[in-house]
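First comes the structure, then the notes that go with it.
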Amino acid sequence: MLTAQNDSQKWLKSGEFPKNIPTFIATGTDDFITDIAGSSLAAENIKDSKLFKYEGAYHALHNELPEVTNRFYEDMTSWIENQLKKHSQKSQK
């Protein structure tokens, strides 16, 4: 797992990652599987990204306490809808 995280960090820092792809990044602040610093690094290096942090949540945001899971799905749905609107407006110009 650590190797994959290191490889991901190298890829992000290398400039080879396509930085203009809309990216939804979500992490729990108490996730012990992935480091929140990696999510922050991704958000800093991906131009069109949005980082969502869920206080006290762990790794499986879709399988957390109902209030976390509901907020995660609401955030994801809202982000997708905003992306669709944004890109729909661009294509109409």
key: Label of the coordinate-derived value, semi-axes √(5λ) of the Cα gyration tensor in Å, listed as (1) 27, 19, 9; (2) 24, 21, 8; (3) 25, 19, 11   = (2)
query = What are the GluC sites (Glu not before Pro) within the chain that DSSP puts in a loop, where the Cβ has at most 14 other Cβ atoms within 10 Å?
reply = E16, E55
ask   = Once you put a point 7 Å from the Cα of A60 and another 7 Å from the Cα of S78, both along the Cβ direction, what distance in nm separates them?
value = 2.6
task = Could you rank S8, S39 by how accessible they are, 1.4 Å probe, largest area first?
result = S8, S39
task = With a cut-off of 17 Å, note down the residues of region 8-32 whose backbone N falls inside the zone around a label point 7 Å from the Cα of K47 toward its beta carbon.
result = 12-24
query = In Å², what does the accessible area per residue of the chain work out to with a 1.4 Å probe?
reply = 70
message = Could you work out what % of the accessible surface of the chain is carbon and sulfur, using a 1.4 angstrom probe and leaving DNA, RNA and ligands out of the count?
response = 53
request  = Might you work out the accessible area of I80 for me, using a 1.4 Å probe with all protein chains in place, and round it to the nearest 10 Å²?
outcome  = 80
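The values are calculated or read from the model by the stated rules, or taken from the named source; none is laboratory data. Quick caveat, the model's predicted, so the values are computed rather than measured. Every residue, glycine as well, gets a Cβ built from its backbone with ideal geometry; the counts of neighbours run over all protein chains shown. Each accessible area value is taken on the protein alone, full model and side chains, heavy atoms only, with ligands, DNA and RNA left out. Shrake-Rupley method; radii C 1.70, N 1.55, O 1.52, S 1.80 Å.
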